[in-house]
Amino acid sequence: MSTNIELPKSGADLQVQARSFVQEAGQWLHNIQDNWLTIAIATAVAVVVFFGLHMVRRWGLRLCKQGEGVANWYAVVGRAVARTGNFFILMTAIRLVIGYVDAPPMLYTTATFLFTIAAVFQATIWLREVILGGIEHRTASEEYQGSSLASAIGIIRLLVTIILFAIAFVVVLSNLGVNVTGLVAGLGVGGIAIGLAAQGTVADLLAALAIIFDKPFRVGDTILYDKSKGTVERIGLKSTRLRGPGGEERIVANKKLLDYEILNSTNRDYRRMALTFAIANSVPAEKLAGLSDLAKQVITEEKLVFSHAWFTGVVPGALTFEVEFDSPSPSADLADAAKHRVVIAMLRRLEAEGIRLYVPAMLQAEA
């Protein structure tokens, strides 16, 4: 959309343009009696459009209220529609009908230019509301309640607003006929300089947004990363705070955290446990043959999911026997308790079957 206007270069030029506009307007008013019906119809259409757009804005308000702010995506769109300005509504109504009333060229050009300004800034406001609404929709979800990332929305809102309105300002200047090439180049160089100076902070901010939308973990999740482990307590604008197994607080930059392979223990469907027994090699082969069935029976009686049980190797004086089973709960405490019960039950069954565990000779001598 381009509406170039020749701006007056001096006071004399302004006077000439004003005098020309008055003459054209006077001639148009003089001719109203010849096309009064067309003007009346155009005015009626403009009024209908004006109130119709107001109805659309009220519809957006209802959508926003039904969705409780940003709880749903249609509420986000409704909030954007509700931000439609009166000036845009007025200029839209005028722009749609002014071409049918044979208005003076300067009046037509002025109305078109004002509509362009209104449309550019209105589109900027709509886009801003949709972007911010989408981010707030994510941060307002249950897993982000109480996190410091929600308080960082103010900074994100400021950055989005500056960027969008800077683009809108450049578009308006371009429609005025101003050469914006130098301005765009300057903004680009300035943006690059700022980006290089704050690339660490910007990278962490983008990583924070990636955490919001991709959701590799949430507040309260227990995660393993690199060689560390912790429970997520707070997702911030620059860093994530975790509580380590020893009670210590760990602060990790968002970008660095996402560079690791993250194992989310909270999202487990189950926990697999493994036990290794050293069976004395003096145990008869007939008893060893039924050891897998014995382990399966013990695990099934404990209401756990049996995976496998077999001999895994031979060491001096012993045979290593491995048992794997699944705890159906993701809870580490329940899995450890299940492991404890299986060990006790296995020892009792092995003792009842006369299957001895391997005990090094040094320990036998001490006993």
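The values are calculated or read from the model by the stated rules, or taken from the named source; none is laboratory data. This one's a predicted model, so the numbers in the text were calculated from it and none came from an experiment. Counting neighbours? That spans all protein chains shown, and the Cβs are built from the backbone with ideal geometry, glycine included.
Per-residue answers, yes or no, for (1) at pLDDT below 90; (2) surrounded by 13 or more Cβ atoms within 10 Å (Cβ to Cβ):
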| site | (1), (2) |
| --- | --- |
| TYR270 | yes, yes |
| LEU275 | no, yes |
| SER329 | yes, yes |
| ASP333 | yes, no |
| ALA338 | no, yes |
| VAL342 | no, yes |
| ALA345 | no, yes |
| GLY354 | yes, no |
| LEU363 | yes, no |
Practice prompt. At least 2 residues that are within 23 Å of the chain's Cα centre (by Cα), among the hydrophobic types (A, V, I, L, M, F, W, C) and within 30 Å of VAL359 (Cα to Cα) in each: list the helices (runs of 4 or more DSSP H) lying fully within region 230-326 that qualify.
Written response: none
Discussion item. With hydrophobic (A, V, I, L, M, F, W, C), closer than 18 Å to ILE135 by Cα and at pLDDT 75 or above as the only criterion, which of VAL70, VAL77, VAL97 stands out?
Written reply: VAL77
Practice prompt. Just name the residue that is nearest to LEU258 (Cα to Cα) out of those in region 209-230 that are surrounded by fewer than 17 Cβ atoms within 10 Å (Cβ to Cβ) and not hydrophobic (A, V, I, L, M, F, W, C).
Written response: PRO216
Worksheet entry | Long-range neighbours under 7 Å by Cβ, at least six apart or interchain, first residue in contact (Cβ under 8 Å) with a residue 24 or more places away in the chain within region 336-350, second among the polar types (S, T, N, Q) | ALA338/SER327
Fill in: Qualifying residue in region 292-302 (condition: touching a Pro at 6+ places or on another chain (Cβ under 7 Å), in the same structural domain as PHE325 (by TED's automatic domain parsing) and under 23 Å from PRO330 (Cβ atoms))
no
Worksheet item: For region 110-120, which residues satisfy the criterion of being at pLDDT 80 or above, surrounded by fewer than 19 Cβ atoms within 10 Å (Cβ to Cβ) and more than 18 Å from PHE50 (Cα to Cα)?
Response: PHE113
Worksheet item: If you take the residues of region 303-327 that are surrounded by 14 or more Cβ atoms within 10 Å (Cβ to Cβ) and charged (D, E, K, R), which of them is farthest from ARG348 (Cα to Cα)?
Response: ASP326
